[in-house]
Amino acid sequence: MRPTDTSNPEYFHKVVDCQYACPAHTDVPGYIRHIAQGEFTEAYMLNRKSNVFPGILGRVCDRPCEPACRRGRVEEKPVAICRLKRVAADNRDDVSALLPKAPPSNGKKVALVGAGCASLAVANDLLPLGYECTIFEKLDVTGGLMRSNIPSFRLPADVLDEEIDNIVNMGNCEVRLGDGVESMQALLEQNFDAVFVGTGAPRGKELNIPGRQEADANIHIGIDWLESVAFDHTESIGKNVLIIGVGNTAMDCCRTSLRLGADDVKVMARKPREFFKASDWELEDAEEENVEIVINHSPKAFVIENGKLTGMTFELMEYDIDANGRITEQRVTGEKTLPCDDVILAIGQENAFPWIERDLGIEFDKWEVPVVDEKTHQSTRAGVFFGGDAAFGPKNIIWAVEHGHQAAISIHKYCQGEDVSDRMPDGQNLASTKMGIHEWSYSNDFDAAERTIMPHVSLKERFQKLNIEVELGFSPELAAEEVERCLNCDIQTVFTDKLCIECDACIDICPVDCLTITHNGEEDELRTRLSAPADNHEQDLFVSGPLPQTGRVMVKDEDVCVHCGLCAERCPTAAWDMQKFTLHHPHARDEATPPEQKEVA
Amino acid sequence: MSFMKKPSARHPKLPVNELGLTVRDYEGGMSTLCAGCGHDAITGAIVEAAWGLSIPTHRFAKLSGIGCSSKTPAYFLRDSHGFNSCHGRMPSVATGANCANRDLYYVGVSGDGDSLSIGMGQFTHAIRRNLNMTYIIENNGVYGLTKGQFSAAADKGSKAKKGEVNLQPAIDPCSTAITLGATFVARSFSGDKDQLVPILKAAFNHRGFALVDIISPCVTFNDHEGSTRSYKYSREHFVPAIAADFVPPAEDIKAKYEEGEAMPVQLHDGSHIVLRKLDKDYDPTDRVNAVSNLLENNAAGEITTGILYLDESQPDMHEVNNTAATPLIDVPYSKLNPGNDTLRKIQSRYR
């Protein structure tokens, strides 16, 4: 293998699994260390820089970081990253003085369609640069899906309000509630310099099986139903409820049903558990509330008696699954009818753009999805940008935030007459954490503690009102235990080959056997010769240049390194050093900074 | 030295030996030696060899004297027996322990000072007795614990850290041991585990005295230009004469080697050491040839490594002295202590 090029930020960034998996590349280990120091405000602000809504995301983020967390490979459970984010939000001081304010207008006007997370993220990046933003929202409230689809027992309204206000109150921002855009053409005629579409994926998928029309009164589309509950239009549901689908919307539907009077709620899944779309923790929370999740039931028909829904018929499924976990064959082995009073369909969402005229130069593909550049978020009409679920179909809040950041860069460049595709690359900074002969400026000792359990409101209390938040959040004391589980993957093991004397000290001390000095070879063959099995090909091998005394190479399998720093402590020549990696992932403000003042080259 | 313990986290796919243990189960406490000390690499090799042989750790007895080397038994095989004796007196303690229980694997760790200066008498007589033990010399050519004076193993003409030149000739433990009648003599280098681990496995299974002299650079006091025990010098002058492969009893050695290229030597437990000649003039089963080769190579400035001499046919101390086959711990107390009457009878014989 060729020596690893660690000057490319991609290499060390990938080592920080959580940060790499986060669409917005939040500096997770960085803010966890702030929490460990009791610096909740600093932790919150570091979060806000990347993900804009730490209080909201600390409760309801889809957490791509947690399945990626290295701790999950070293032992079973990842660090409770998301819950720690909430600790920072819950315990911080007033941050208003630290938030950016809009300077005098630069004369450029930007229209943002939809007041959801994507549009708000764009506004968050553009307002401090002097842009005038106008947000159009068809509902009477801001927040989009975050308010209408996420039940208040998971995300309290005051958390939402505060973080949204922090953006729209920066200045130069007009929020037009109850003013949904009816026509893109009309909007384009209003002399905005750029338009951003962040209208989400507002249409729930249908299930067209026999009985659908006749039983319409008791069949609800999940996201519409959640919205009508959120705005108090729906206040009750039948005793027996079936939820069709097993994604995160289904989890919100089943738990909301329990709070509106249902006492027997079943979530009906077509496939076995390993194919569920819902996040593990959302499944756990639903099951804690005694929701039954029924697998291998495929909907066949609604059962109607006397014009009213009384049940639903399912085909019982059986699957053959191969070694890779793929279904190779499926069979129907029988049929079963379950009684029910109401059915909620939670089987997916789609984009819908009835308000965009098709002759404006904004192209749509054969699925009626707009053609959007993945990097610039620009549509086929210059100056019109898409982000969030509206751009590439349903994802989640954290993706929408990153879309917002990227679209804001494009809008800024477009408004300044620059090429939107000519963007600053990611940069990195590395700084030694060495404080003394065996002292580091981070907590390098491995803490074998298991994942801290989130305290919940008791089952008895939580159903009394719809908006009782179930998760109590970690207390600072619980958080202090959980932070020590973080492996500080951003404190990188940086190797200088010309200093190595091949004494083997690092190899002997490494608790997870991730180091080897051996003769170089091709990657697949080299992986078979390392100190411990290196069969996780998703994790890179670091390969040094030839070592001075024997010409062999130092190889590090990044897979389960716990960043304890012992390789560097036991190294007599400081060939290994532990260096803090800081990713510089540019936002609009970086693009707007004059070249001579830029943070990272 | 590091102040934290080695993390309990381990690689989730670490292989296990026949006892279901990982190599981590054979480790000891955290080393307090200087970072980069050759002794720590030897510790790593002992751990790997013991794990690879699937010997339960409580079947080992670790013995040592005084010095940096003699601290290392604390760093490997945490669940085994141990005795840290006076300076240079480890062989006596090993002899006593061996008499009391011949079923343990005895691993003595000593240094060039502990063995070749203050303990020279003990060292030579342990060889002469053919004491059944593995005797490791962690040889760095200096007194590291007293800040880097030349030891008796320092080569004539080598330079100390501050520049003084050593004017006295070195004692070579390997040729000395062969001339004294040692039955297993090997030399290796802490920086070459591929060579060292099979040698240790063979040494543990050798019946009789197995000397393993290991060049182990002192990274603090003897790793500079002009030193003949530095990592760099050792790598440049290191000449493997004999490669040794250890083959456990259950494995068929014929499947692995062509006839003629290798010399399999059967150990008393049925395992084999397969010696492969890398230097065609060297015969590790011929004592005179071995010594003359070593002296010649030494004069040429080469550090000859590998299993330098091996003789499985010699009786060990137990056989010569007809010691009790049963470890004293397993002898019933009534037999071990036959009582006052018996003592009186014995005493009356001498009146």
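Computed from the coordinates by the stated procedures, all read-outs in this text should not be read as laboratory data. Just so we're clear, the structure is a prediction, and the values are computed from it rather than from any experiment. So basically every Cβ, Gly included, is an ideal-geometry build from the backbone, and we count neighbours across all protein chains shown.
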The value for the stretch A:509-590 (convex hull of the alpha-carbon atoms, volume per residue, Å³) is 143
Phi-derived 3J(HN,Hα) across the stretch A:382-396 with the Karplus relation (6.51, -1.76, 1.60, θ = phi - 60°), rounded Hz, x for Gly and Pro, is 4, x, 10, 10, 10, x, x, 4, 5, 7, 10, x, x, 10, 7
Each residue of A:566-579 has, on average, a number of other protein chain C-beta atoms within 10 Å of its C-beta equal to 3
Here the percent of antiparallel bridges among DSSP beta bridges lying wholly in the stretch A:205-347, to the nearest 5, is 55
Calc'd 3J(HN,Hα), the stretch B:332-349, phi into Karplus 6.51 cos²θ - 1.76 cosθ + 1.60 (θ = phi - 60°), Hz, glycine/Pro = x, comes to x, 4, 4, 7, 5, 10, x, x, 5, 4, 4, 4, 4, 4, 5, 5, 5, 5
quick note, the protein assembly as shown, DSSP beta bridge pairs, % antiparallel (nearest 5) is 50
Among B:70, B:189, A:89, the residue whose Cα sits farthest towards the positive end of the charge dipole of the protein assembly as shown (+1 at Cβ of Lys and Arg, -1 at Cβ of Asp and Glu, taken about the Cα centre) is B:70
The answer for trypsin sites (Lys or Arg not before Pro) in the stretch A:302-362 that fall in a DSSP coil and have at most 14 neighbouring Cβ atoms within 10 Å is A:326, A:358
For residue B:335, the lysines lying under 26 Å Cα to Cα, once residues fewer than eight places off in the same chain are dropped, come out as B:345
For residue B:269 and residue A:94, extending 7 Å from Cα along the Cα-Cβ vector and measuring point to point gives, in nm, a value of 7.5
Whole-Hz Karplus couplings 3J(HN,Hα) for the stretch A:86-100, θ = phi - 60° and coefficients 6.51, -1.76, 1.60, Gly and Pro as x, run 5, 4, 4, 5, 6, 9, 6, 7, 5, 9, 4, 5, 8, 7, x
1/(1 + (r/R0)^6) with r = Cβ-Cβ of residue B:323 and residue A:453, R0 = 51 Å, i.e. FRET efficiency to nearest 0.05, evaluates to 0.30
The stretch B:37-63 scanned against label point 7 Å out from residue B:83 along Cα→C-beta; backbone N under 18 Å for B:58-63
One finds, for residue A:537 and residue A:439 with R0 = 25 angstrom and r their Cβ-Cβ distance, a FRET efficiency to the nearest 0.05 of 0.10
Counting only residues 5 or more apart in sequence or on a different chain, those whose built amide H sits under 5 Å from that of residue A:303 are A:310, A:311, A:312, A:313
In this structure, among A:205/A:271; A:14/A:266; A:49/A:580, pairs with alpha-carbon gaps over 30 Å are A:14/A:266
From fewest to most C-beta neighbours within 10 Å, the residues A:294, A:265 line up as A:294, A:265
The answer for the net charge of residues other than residue A:319 whose Cβ lies under 15 angstrom from its Cβ, with Lys and Arg +1 and Asp and Glu -1, is -1
So the FRET efficiency between residue B:149 and residue B:347, C-beta based with R0 = 56 Å and rounded to 0.05, is 0.65
Residue separation between residue A:176 and residue A:333 times 0.36 nm, minus their alpha-carbon distance, gives in nm 51.1 nm
Simple SL model, points at 7 angstrom along Cα→Cβ for residue B:5 and residue A:364; separation in nm is 6.4
Candidate cut points under GluC sites (Glu not before Pro) in the stretch A:87-189, DSSP loop plus at most 12 other Cβ atoms within 10 Å of their own Cβ, are A:182, A:189
Residue separation between residue A:7 and residue A:189 times 0.36 nm, minus their alpha-carbon distance, gives in nm 60.8 nm
The Kirkwood hydrodynamic radius of the stretch A:205-347, taken as the inverse of the mean 1/r over all distinct Cα pairs, in Å, comes to 15.5
Amide H proximity to residue B:265 below 5 Å, modelled H, separation 5+ or other chain, gives B:273, B:274, B:275
Within the set B:192, B:40, B:114, GNM on chain B using Cα springs under 10 Å gives the largest fluctuation to B:192
For residue A:396, the net charge from surrounding residues (Cβ-Cβ under 14 Å; K, R +1; D, E -1) works out to -1
The extension gain from residue A:525 to residue A:466, computed as 0.36 nm times the residue separation minus the Cα-Cα distance, is 15.4 nm
Taking B:43, B:22, A:4 and counting other beta carbon atoms within 10 angstrom, the fewest-first order is B:22, A:4, B:43
With DSSP loop assignment and no more than 16 other C-beta atoms within 10 Å, the chymotrypsin sites (Phe, Trp or Tyr not before Pro) in the stretch A:279-374 are A:367
Rounded to a whole number, the mean other protein chain Cβ count within 10 angstrom for residues of A:559-565 is 3
Rounded to a whole number, the mean other protein chain Cβ count within 10 angstrom for residues of A:418-424 is 0
Only helices counted: for chain A, with every DSSP H run of 4 or more residues adding -39500 (n - 2.57) and the sum spread over all residues, [θ] at 222 nm is -7500 deg cm²/dmol
Violations at 26 Å Cα threshold for listed pairs B:71/B:277; A:375/A:395; A:498/B:159; A:239/A:308; A:498/B:161; A:138/A:460 -> B:71/B:277; A:138/A:460
